[in-house]
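Following: one structure in C-alpha cells, then a few remarks.
Bear in mind that the values in this text are calculations on the coordinates, not laboratory data. Worth saying up front: this structure is predicted, and the values here are computed from it rather than measured. Using ideal geometry, Cβ is built from the backbone for each residue, glycine included, and neighbour counts are taken over all protein chains shown.
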Amino acid sequence: MNVVILISGRGSNMQAIVNAKIAGADIKAVISNRPDAAGLKWAKEQGLTVDSLNHQDFPDRASFDQALMKKIDVYRPDLVVLAGFMRILTPEFCHHYEGRMMNIHPSLLPSFPGLHTHEQAIAAGCKIAGCTVHFVTEELDHGPIISQAAVPILPYDTAEDVANRVLRCEHQIYPQAVADFVSGSLQLIQGQSINMRKHAQGQEQLLN
C-alpha cells in the first residue's frame, strides 16, 4: 500500500513508523508544512522522498489544503498518516481522505482534544494519561478510535514527565495501527473502526 506521511516538526512518530519496516507499506513521501522541519532531514537520510509546502505562502486554510491534496495525490496514497502535523484540516480535505487518513493524539480521547493535553490531565487530577490513534474526520480529534494506550500520572509529575511517558506508547501503537491498516485487518466500516486482528486475539483469549 502507498503511504504518505505528513509532519510539522521532528517527526518522532514518523521515525517510529519508518523504523518499524512494516510489511506491505511503501512510504512514498514525507511531506511537511514547514520547509525547515527537522523530520525532513532525517527522512531524506533514510532515502525517502521528501517535500514541503509552506502554509504561510497561502492566503487561507482552504487554498493551502487544496494545494496539499494535489501534492499528496501525486503519490496515489492508500493511507495518509498524520505524524505531528500541526494543522487544522478543512472538511473538504478530511472527506477527500475519509477512511484512509489517521492521526495520533496525546490523550485518551474523547478527553482533552486540542492542545496542552498533559497540562489539562494533571490539572483535572487524572491518575492516567495516554494516547489515541484515530481515523480523521472533520471534527477535530473526534474520529473513530483505532487504538489507545494508557500510562500512570505519578505524584509530582510535570507535563514533560507525562509527555515523555506517553510518547513511548505512541511509538508502539502508531506503527501497529499502520501495519493493521496495510494488512487489511483494520477498516473503517459504517463509521466504526474495526480491527479483525484484535477481534481474533480477543476471541482466542476468551476461549482460553
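Summary of computed values
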quantity: Longest site-free stretch - the chain; sites: trypsin sites (Lys or Arg not before Pro), DSSP loop, at most 14 other Cβ within 10 Å; calculated: 22-126
quantity: Gain on full stretching of the segment that runs from Glu139 to Val74 - 0.36 nm per residue minus C-alpha separation; calculated: 20.8 nm
quantity: Local net charge near His105, Cβ-Cβ under 12 Å (Lys/Arg +1, Asp/Glu -1); calculated: -2
quantity: Percent RCO, i.e. relative contact order, over the chain, from Cα pairs under 8 Å lying at least 6 residues apart; calculated: 19
quantity: Estimated vicinal HN-Hα couplings, Hz - the range 91-98 in sequence order (Karplus 6.51, -1.76, 1.60; Gly, Pro = x); calculated: x, 4, 4, 5, 5, 4, 10, 4
quantity: For the range 2-207, size of Cβ-based charge dipole, Lys and Arg +1, Asp and Glu -1, in debye; calculated: 460
quantity: Over the chain: Kirkwood hydrodynamic radius from C-alpha pairwise inverse distances, Å; calculated: 17.7
quantity: Positive minus negative residues near Gly84 (Lys, Arg vs Asp, Glu; Cβ under 11 Å); calculated: +2
quantity: Share antiparallel - DSSP beta bridges, the chain, percent rounded to 5; calculated: 50
quantity: Computed helical MRE - 222 nm, the chain, DSSP H runs ≥ 4 contributing -39500 (n - 2.57), nearest 500; calculated: -11500 deg cm²/dmol
quantity: Farthest toward positive dipole pole in the range 126-184 [+1 Lys/Arg, -1 Asp/Glu at C-beta], among Pro155, Cys131, Ser183; calculated: Pro155
quantity: Environment charge at Gly130 (Cβ cut-off 10 Å; Lys +1, Arg +1, Asp -1, Glu -1); calculated: 0
quantity: Full-extension gain in nm, Gln190 to Ile88, via 0.36 nm per residue minus C-alpha separation; calculated: 34.3 nm
quantity: Computed lengthening from Phe58 to Lys44, 0.36 nm per intervening residue step minus Cα-Cα distance; calculated: 2.5 nm
